[in-house]
Each structure stands twice: as structure tokens, then as C-alpha cells.
Amino acid sequence: MRGITLYYILISLIIISCSSNNDETMPDIPICKEQQGLPLDKESIKILFIGNSFTANLISYLPDILINRHVNNVNFSFIVNQGESLCDIYSRIINDSITEYHSWDNGKITKNSIGINELILSNEWDVITLQQVSGMSGLYSTYQPYLNLIVNHINDLSPNTCIAFHSTWSYASMCEVPQFSYFSNSSEIMTQEIIKARNKALYDSKIKVLINSTEAIDSLRRTHKNNPPLDLTYDGLHLADGIPLYLVACVLYETIIAPINNNCILDKSFYYSNKDITITQEDAYLCQKIAHYFAHDSHLVPPDTK
């Protein structure tokens, strides 16, 4: 209980800091703290995302951030299969299933199909990201042995690649999918269980890089930007367009790209608008500060074994 209480105290402090319009102070942490295992000072960065629809949410606004910040040394590919779990990913790897994937290269998106092992071998990936399916994300028993097996397989095929893990957000309070009952239909309980399960799984798998959407979205939900009972989603599960999707892309950028490029996400001049969505400078900076905090102050710790 002490760990959970401390967590919510920290959440409250960062929200107070982020919600202040006139407060210019930032948490006393390094601008781009080195993440263990990430390659640094690379001329180009190649990332492969393996996951599902929540992975699609994670990277949705990444191209906008890269273009806005004039970052032209990042290329990424992504495999997104609806509802795919770690068990499913491992099965795909073992069977070397033909896999559809998309690639983004300086504004151009291409689509191809290839065996998943051939895809892993096709590039000198700097980072490969994994994630658990959302409905199982708070259940440690669903992570292993699959996460360990996937990590070992990737290490065998691509030993110089850093493996990162994307930790997803809890469901909205109005969500009606059956898996929500695993967590007593409580967003707060689901968040706590995700943190507990992923920390233990990543500790066991020796994964050191965490893309922490879990606490970032939970933090934003505790501000005036939340819209219960949808809680920043459009369907109870997937994030709504605008600041929720922008926030997780900021977490991704600050966790992986900023340390490599030494180019922090914090930028008060950011402004985004299209025919449907506007993100003001104030909202963007709020997201950036939350992302900055959770990218650098969410260190993995040994799991609670009690």
C-alpha cells in the first residue's frame, strides 16, 4: 500500500505543476536522461513496433512530432494486428508467419508483407518495441513465458537491438468489454494491476526501456482535461484524437528518440491544427511535461514479492 500511496502523491505533484499556467519550473531531472540499453548519438534511428491497436494509438501522432521538430533521422516500421497478445506474437514468430507491415520514412508510408523473422533480420533495428494486449495487461500470468521467449528470440536474431516495452493505459470507467471485469470494472484498479504486472514481467525479462503510457494517461485523466466516463477514449478503450494521442506520442518520443538525439520534447511553441482537431500551445506543453516526467522518472524496480 505504501508504494501505491507514494505513486499517487507523485501523480498529484506533477499534475499541480503541469496545471499551472504561470509556473515555469520543471521537475529537477535531466533534460534527456540516458535510458539503459538505448544506442546514443546515432546518425539514423530505426524502430520496429510490434503490437496491436494500442500500438497504433502510440505512434499515431509520432510523424507530426518528428516533422514539427525537424527530426529527419527516424525511420520506423510497425506490425499492428487487432487484439494480438504476447502469446500470439510468439506464435507468429515460431511459425514465421507472413506478416503485413507498414513503414514510415520522412513522410512516406509504404506497405509490404514478409515473414516476421525476415523482417527482424531485414534491418539493423536500433529499437524493437513490444506490448501486451490491453485486456491482459494487468495479469502477470499472461506475460510469461511468452515475453521471455520473444526477447530471447529477438536477441538471437538481432543481438545489438534494444528491446523496449509499451505499457498501456487502463480502460475508461464506462467500458463494457468483458475483460474489464478482471479489474472489478475499475480504471484505478486496472492501472495499479498493469503497473504491478508489467514491472514484474520486465524485471524478469531484463527489459530496461519502458514506454510508460500507463501512468501518463492516468495523470492526464486527473486534470481538468478528462471527460468522464469516456476518460480520454472514444470507445472506452482506444484514445481519442487530440491531446490523448499526442500525449502518448510525446511519451514515446521522450523515452526513445530524445535520449538518442539529445533533443528534448519540451517546446512551448508547438501548435497543431487540422480541419477536425486543434491542440493549443498550453495543452501541448501540458502533455510534454507529463511525458517528460514519466519518461525519466519511472524506473523499473524489483517486483513486490509479498
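Kindly evaluate ASN185 against the criterion of being open to solvent by 10 Å² or more (accessible area, probe 1.4 Å), touching a Cys at 6+ places or on another chain (Cβ under 8 Å) and either of a type in the set (Asp, Glu) or assigned to a loop (DSSP other than H, G, I, E, B) (or both).
Here the answer is yes, as ASN185 does meet what is asked.
Any chance you could count how many residues in the stretch 163-203 are modelled with pLDDT of 95 or more, closer than 14 Å to THR129 by Cα and among the hydrophobic types (A, V, I, L, M, F, W, C)?
The qualifying residues number 3.
For ASN226, all conditions in the list (1) open to solvent by less than 70 Å² (accessible area, probe 1.4 Å); (2) within 19 Å of LEU48 (Cβ to Cβ) hold save one; what is the number of the exception?
With (1) open to solvent by less than 70 Å² (accessible area, probe 1.4 Å); (2) within 19 Å of LEU48 (Cβ to Cβ) applied to ASN226, the lone miss is (2).
Just to be sure I understand, how many residues within the stretch 62-115 are part of a strand (DSSP E or B) and not β-branched (Val, Ile, Thr)?
15
I need every pair where a residue in the stretch 160-173 that is closer than 21 Å to SER187 by Cβ and in contact (Cβ under 8 Å) with a residue 24 or more places away in the chain has its Cβ under 9 Å from the Cβ of a residue that is in a loop (DSSP other than H, G, I, E, B) and hydroxyl-bearing (Ser, Thr, Tyr), sequence separation at least 6 or different chains.
SER167/SER137; SER167/SER298; THR168/SER137; TRP169/SER137; SER170/SER137; SER170/SER186; SER173/SER186
Looking at this structure, is ASN21 farther than 28 Å from VAL151 by Cβ, more than 22 Å from the chain's Cα centre (by Cα) and either at pLDDT below 90 or assigned to a strand (DSSP E or B) (or both)?
Yes; evaluated as a whole, the condition is true for this residue.
For the stretch 206-298, give me every one of the helices (runs of 4 or more DSSP H) that falls completely inside it and has 3 or more residues that are in contact with a strand residue (DSSP E or B) (Cβ under 8 Å, 6 or more places away or on another chain) and of a type in the set (A, V, I, L, M, F, W, C).
243-252, 281-296
So which residues in the stretch 116-155 are farther than 22 Å from LYS208 by Cβ and part of a helix (DSSP H, G or I)?
ILE116, ASN117, GLU118, LEU119, LEU121, SER134, GLY135, MET136, SER141 - these are the residues of the stretch 116-155 that are farther than 22 Å from LYS208 by Cβ and part of a helix (DSSP H, G or I).
The values are calculated or read from the model by the stated rules, or taken from the named source; none is laboratory data. Being a predicted model, the structure only gives us computed values, none of them experimental. Backbone-built Cβ (ideal geometry, glycine too); neighbour counts: all protein chains shown. We work out accessible area using only protein heavy atoms, side chains counted, and drop any ligands, DNA or RNA first. Shrake-Rupley method; radii C 1.70, N 1.55, O 1.52, S 1.80 Å.
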